[in-house]
Structure formats: structure tokens, C-alpha cells
Amino acid sequence: MINNVILFLIFMIAQSTSEAGKNRFSEDCVKDEGKALKIAENLWLRTYGESIYKKKPFIAEKRDSIWVVKGTLNSRYGGVPYVEIRIKDCKILKLTHSK
């Protein structure tokens, strides 16, 4: 009887732990285009400096489970900032600046 109670308690603890892990990111971290743009702009500003503002407007596009945000090439020379942000947890998957 006591063994069954112990097994039941272990099962319940394991179940609640796995449920907590599943619900950790139940809501998307990057819910909309505006938040994706803000994250990208802040990241680019810290990484590349204020020259990123020459590459406006910034464009955000949702692709499956990520936001792709990039700048606009306004001249024939130079490149644009680019970032991929995972929607669920805001993880930066790729950060680059083309040339």
C-alpha cells in the first residue's frame, strides 16, 4: 500500500513538472510585427550603430515560426541589416548585415 502511494506521488510530481515545462512558452514572445521591428531595431542599434537608420524602412515578415526583419537597400551600394527571431521564445537565430 505504501509503495503504491509513493509511486503515485512520484507520478504526480513528474506529471506536474512536465506540464509546467510545456506551458512555459504557451504564449508567443513576439506576438506581432511591431514587436519584431522593435527587437530588431534595438539589436541592430547596439550591434551596428546609428548607421542602420539609413536602411529604413525596416520590413518584418512572418515565416512559419520566425520573424524575418530586414532593412531596405536605398542605394546601389552597401547592404542591409537582417535578423531572424523565433516567435515562441524571442531567440535570435540569425543576425547579419549584408555588404
All positions within region 20-44 that are modelled with pLDDT under 95, over 11 Å from the mean Cα position of the chain (by Cα) and hydrophobic (A, V, I, L, M, F, W, C): ALA20, PHE25
Just to be sure I understand the filter: pairs with C-beta atoms under 9 Å, separated by 6 or more residues or on different chains, first member in region 39-64 and surrounded by fewer than 11 Cβ atoms within 10 Å (Cβ to Cβ), second member among the polar types (S, T, N, Q). Which pairs pass? PRO57/THR72
Could we say that ALA14 is of a type outside the set (Val, Ile, Thr) and modelled with pLDDT of 90 or more here? no
Taking into account only those residues within region 46-94 that are of a type in the set (A, V, I, L, M, F, W, C) and part of a loop (DSSP other than H, G, I, E, B), which is farthest from CYS29 (Cα to Cα)? LEU73
Across region 28-83, what is the number of residues that are within 15 Å of LYS94 (Cα to Cα) and among the aliphatic types (A, V, I, L, M)? 11
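The values are calculated or read from the model by the stated rules, or taken from the named source; none is laboratory data. Predicted model, so just to flag it, every value in this text is computed and none were measured. Because the Cβ atoms are built from the backbone with ideal geometry, glycine has one as well, and the counts that use them run over all protein chains shown.
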